[in-house]
Amino acid sequence: MNPPIVVAQNLVKRYGPRLAVRGVSFTIDAGEVVGLLGPNGSGKSSIFRILTGYLTPTLGSVSVAGHDAVTRSLALRREVGYVPEDAPLYDHMRVAELLRFMARIKGLSGAAARRAVESAAARLGLARVMTMPIAKLSRGFRQRVAIAQALLNEPKLLVLDEPTSGLDPSQVNAFRDLIRSLAGRQTVLIASHVLPEIAQVASRVMILLDGTLLTTDALRHGGDRRRLRLEVDGSEAELRACLAAVAGVRAVSARAGAGDPPGGYIVEADERPFLARDIAAALAERRLALSELTPLPPDLEHIFLELTRRRGEAAA
Amino acid sequence: MRSFAVLLHKEVMALFSSPIAYVVVTVFLLIMGYSFTLTLFISHTPSLVPLFFQMFVLFLLTVPIITMRLVAEERKLRTIEMLLTAPVSEAQIVLAKFAASFGLLVLMLLLSAAYPIVLALYGDPDWGPIYSGYLGLVLLGGALVGCGLLASTLVSNQIIAALLSLSLFLLLWIIDDFGYLLPDPLDTLVVNLSLSGHFKPFATGSLYLSDAAFYVSATLLTLFLSARALAQR
């Protein structure tokens, strides 16, 4: 089994009296796309800056591809591609100029640098803006240029801090496609405070709150609960009364989103064998016609709120 | 070394992508051209000594403008994150920024070489003070750029960086005037920090190793402190 690409142990970062990161530990395996979810100010950017060698941890250690962030910072930085939040770029440069500059300081030269720039530009669809000054680029293109420079030297770890902030929906979709295309061959760590964005691209989600890691795998954390989508010919009251008798059912709610058909419900229940069969049997017993019963993926928003609630209760 | 060359190229392009470099060079040459002509017509002697003292003052006033943006701007725009997460050392970044700004001062001095050439064409100047004066200006320029770079590294506001280095330069310019008022041995220590005190011998054609060592030490110390300041994150 290959060793993890990222190993962080008891990371602590203090800015004066403020503790931004409190004893965070996690590992990331090669090829994983991991999301780091947390509200603004929860310590995501501090962790990312430590991982990329920009900040040194107050306590603890972190290594990327076997290189320690403090003692072998330069070697670590060769293995990491970083897209900081808001894509800070040199506005006085043209796109091609910036990509060439970044390729060269990442150790590429001559034909290798040219190939890397061409390849990154093609992957990010930058061909038509290569000669434009960066100051004149739209927000979406700035973000693409920032991602392109991070990919130039094919880093072992790609770190993206709030990569879709300010992008329009079509740009967000294009970004998701890009991340999906990287999955498996590149290790990606993405920070965001937008739950659906993380849920759609990450294979594992870590949740951070006030500098503390609440879970290193929120999707698995949701494994003790199941969510099912039902299409039933009956009222919400009838369905609630019917499912109250089914062991493990916790909540029933009507789907009232735009475009949702009438008779659609979400059932939340404890994970157990034969749950779907028992629900179907209970509905049949009450003569409520069931036209659809579909298991849903774990609801990241629910897990996030649940974890933060539990932490609040523990703190109280 | 290759990374340094790439960083230096980037710094030179950044320097000349803003109007600051052009304005500084133009103003420097206009003032010095006017002074050179005036001095020559008044004194009728083929000497650049008065000009060297004017260049000294102009360096004190213009170096903060050249150096203020070096790191402060990168901090403000957060492009420093791009640089410091790339596989380049803080020392390489500091040296590249220093070399670009110092290079601009050297360019200004090279352009001012027109004055000794004119003197040589129409008179018989004493070349000793001219060589030593230019050497003094080069060494002074290095120390000033180092100080300005350090100021820019310490703050993220360009104006504050410029004011910080300008205040320091002005203090070190006049420090010997009130240094003599201090008790022994503080007076010797303070007077020896004087920028003008160490420049006068160069401008008048006297070379002392202590004066050169003062400027070289100041340059190396400020570069070291700038790299340390950049590494403190």
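The values are calculated or read from the model by the stated rules, or taken from the named source; none is laboratory data. Remember, predicted model here, so these are calculated numbers, not experimental data. Heads up, the Cβs are rebuilt from the backbone with ideal geometry, glycines too, and the neighbour counts pull from every protein chain shown.
Has region A:70-78 got any residue that is among the hydrophobic types (A, V, I, L, M, F, W, C), assigned to a loop (DSSP other than H, G, I, E, B) and more than 24 Å from B:Gln92 (Cα to Cα)? No, every residue in region A:70-78 fails to be among the hydrophobic types (A, V, I, L, M, F, W, C), assigned to a loop (DSSP other than H, G, I, E, B) and more than 24 Å from B:Gln92 (Cα to Cα). Checking each residue in region B:92-117 for being within 11 Å of chain A (Cβ to nearest Cβ) and either closer than 20 Å to B:Met55 by Cα or hydrophobic (A, V, I, L, M, F, W, C) (or both) picks out B:Ile93, B:Ala96. Within region A:179-202, residues that are touching a residue at least 40 places away in the same chain (Cβ under 8 Å) have Cβ atoms under 8 Å from residues that are part of a strand (DSSP E or B) and among the polar types (S, T, N, Q) in these pairs: A:Ile198/A:Ser192, counting only partners at least 6 apart in sequence or on another chain.
Considering region A:39-49, and only residues there that are farther than 18 Å from A:Asn10 by Cβ, in contact (Cβ under 8 Å) with a residue 24 or more places away in the chain and away from chain B (no Cβ under 11 Å), the residue that is surrounded by the most Cβ atoms within 10 Å (Cβ to Cβ) turns out to be A:Pro39.
Report yes if some residue within region A:125-148 is closer than 30 Å to A:Ser61 by Cβ, surrounded by fewer than 21 Cβ atoms within 10 Å (Cβ to Cβ) and in contact with a helix residue (DSSP H, G or I) (Cβ under 7 Å, 6 or more places away or on another chain); otherwise report no. No: region A:125-148 contains no residue that is closer than 30 Å to A:Ser61 by Cβ, surrounded by fewer than 21 Cβ atoms within 10 Å (Cβ to Cβ) and in contact with a helix residue (DSSP H, G or I) (Cβ under 7 Å, 6 or more places away or on another chain).
In the list A:Leu208, A:Leu213, A:Leu243, which residue meets the criterion of being over 20 Å from A:Val7 (Cβ atoms), touching a residue at least 12 places away in the same chain (Cβ under 8 Å) and either among the aliphatic types (A, V, I, L, M) or surrounded by fewer than 19 Cβ atoms within 10 Å (Cβ to Cβ) (or both)? Give the steps one after another, and end with the answer.
Details: A:Leu208 fails: over 20 Å from A:Val7 (Cβ atoms); A:Leu213 fails: over 20 Å from A:Val7 (Cβ atoms).
A:Leu243 is the lone residue from the list that is over 20 Å from A:Val7 (Cβ atoms), touching a residue at least 12 places away in the same chain (Cβ under 8 Å) and either among the aliphatic types (A, V, I, L, M) or surrounded by fewer than 19 Cβ atoms within 10 Å (Cβ to Cβ) (or both).
The single condition among (1) within 14 Å of chain B (Cβ to nearest Cβ); (2) touching a strand residue (DSSP E or B) at 6+ places or on another chain (Cβ under 8 Å); (3) not in a strand (DSSP E or B) that A:Ala30 does not satisfy is (1).
Hey, among A:Thr52, A:Thr56, which residue is at the interface with chain B (Cβ under 9 Å from one of its Cβ atoms), crowded, with 23+ Cβ neighbours inside 10 Å and touching a residue at least 12 places away in the same chain (Cβ under 8 Å)? Outline the logic, then answer.
On the way: A:Thr56 fails: crowded, with 23+ Cβ neighbours inside 10 Å.
Result: A:Thr52 is the single residue among A:Thr52, A:Thr56 that is at the interface with chain B (Cβ under 9 Å from one of its Cβ atoms), crowded, with 23+ Cβ neighbours inside 10 Å and touching a residue at least 12 places away in the same chain (Cβ under 8 Å).
Among the residues of this structure, B:Val94 counts as one that is in a helix (DSSP H, G or I), buried (at least 16 other Cβ atoms within 10 Å of the Cβ) and not basic (Lys, Arg). For the residues A:Ala120, A:Ala96, A:Ala111, A:Ala116, the requirement of being surrounded by fewer than 21 Cβ atoms within 10 Å (Cβ to Cβ) and in contact (Cβ under 8 Å) with a residue 24 or more places away in the chain singles out A:Ala96. Here is the figure for region B:4-24: residues that are facing chain A (nearest Cβ under 7 Å) and without any contact (Cβ under 8 Å) to a residue 12 or more places away in the chain total 2. Can you tell me which residue within region A:59-80, out of those that are basic (Lys, Arg) and without any contact (Cβ under 8 Å) to a residue 60 or more places away in the chain, is nearest to the other protein chains (Cβ to nearest Cβ)? Looking at the filtered set, the residue picked out is A:Arg77. When A:Arg139 is tested against (1) closer than 22 Å to A:Lys44 by Cβ; (2) touching a Lys or Arg at 6+ places or on another chain (Cβ under 9 Å); (3) away from chain B (no Cβ under 14 Å), just one condition goes unmet, and that condition is (2).
Quick check on A:Tyr90: is it part of a loop (DSSP other than H, G, I, E, B) and either among the aromatic types (Phe, Trp, Tyr) or outside the structural domain of A:Glu154 (by TED's automatic domain parsing) (or both)? Considered against the rule, which asks whether it is part of a loop (DSSP other than H, G, I, E, B) and either among the aromatic types (Phe, Trp, Tyr) or outside the structural domain of A:Glu154 (by TED's automatic domain parsing) (or both), A:Tyr90 comes out as yes. For residues in region A:82-97 being within 27 Å of the chain's Cα centre (by Cα) and more than 9 Å from chain B (Cβ to nearest Cβ), which is nearest to A:Met132 (Cα to Cα)? Across region A:82-97, the extreme among qualifying residues is A:Ala87.
Return yes when B:Leu77 is more than 19 Å from the chain's Cα centre (by Cα) and either surrounded by fewer than 20 Cβ atoms within 10 Å (Cβ to Cβ) or within 14 Å of chain A (Cβ to nearest Cβ) (or both) and no when it is not.
Details: more than 19 Å from the chain's Cα centre (by Cα): yes; either surrounded by fewer than 20 Cβ atoms within 10 Å (Cβ to Cβ) or within 14 Å of chain A (Cβ to nearest Cβ) (or both): yes.
Spelling it out, B:Leu77 is indeed more than 19 Å from the chain's Cα centre (by Cα) and either surrounded by fewer than 20 Cβ atoms within 10 Å (Cβ to Cβ) or within 14 Å of chain A (Cβ to nearest Cβ) (or both).
Scanning region A:61-102 for residues that are closer than 19 Å to B:Arg2 by Cα and small (Gly, Ala, Ser) turns up A:Ser73, A:Ala75.
Selection of first residues in region B:67-95 that are of a type in the set (Gly, Ala, Ser) and of second residues that are not in a helix (DSSP H, G or I), restricted to Cβ pairs under 7 Å at least 6 apart or on distinct chains, gives the following pairs, ordered by first then second residue: B:Ala72/B:Val155; B:Ala72/B:Ser156; B:Ala72/B:Asn157; B:Ala86/A:Lys106.
Out of all the residues in region A:203-214, is one or more under 21 Å from the mean Cα position of the chain (by Cα), assigned to a helix (DSSP H, G or I) and not aromatic (Phe, Trp, Tyr)? No, the conditions are met nowhere in region A:203-214.
Only one of B:Gly141, B:Gly128, B:Gly103, B:Gly148 is surrounded by fewer than 19 Cβ atoms within 10 Å (Cβ to Cβ) and within 13 Å of the chain's Cα centre (by Cα). Can you tell me which?
Numbers: B:Gly141 fails: surrounded by fewer than 19 Cβ atoms within 10 Å (Cβ to Cβ); B:Gly128 fails: within 13 Å of the chain's Cα centre (by Cα); B:Gly148 fails: surrounded by fewer than 19 Cβ atoms within 10 Å (Cβ to Cβ).
Unique residue meeting the criteria: B:Gly103.
Counting only residues that are under 17 Å from B:Ala86 (Cβ atoms) and of a type outside the set (Asp, Glu), region A:94-117 holds 16 of them.
Restricting attention to region B:100-145, the residues being in a loop (DSSP other than H, G, I, E, B) and touching a residue at least 60 places away in the same chain (Cβ under 8 Å) number 5.
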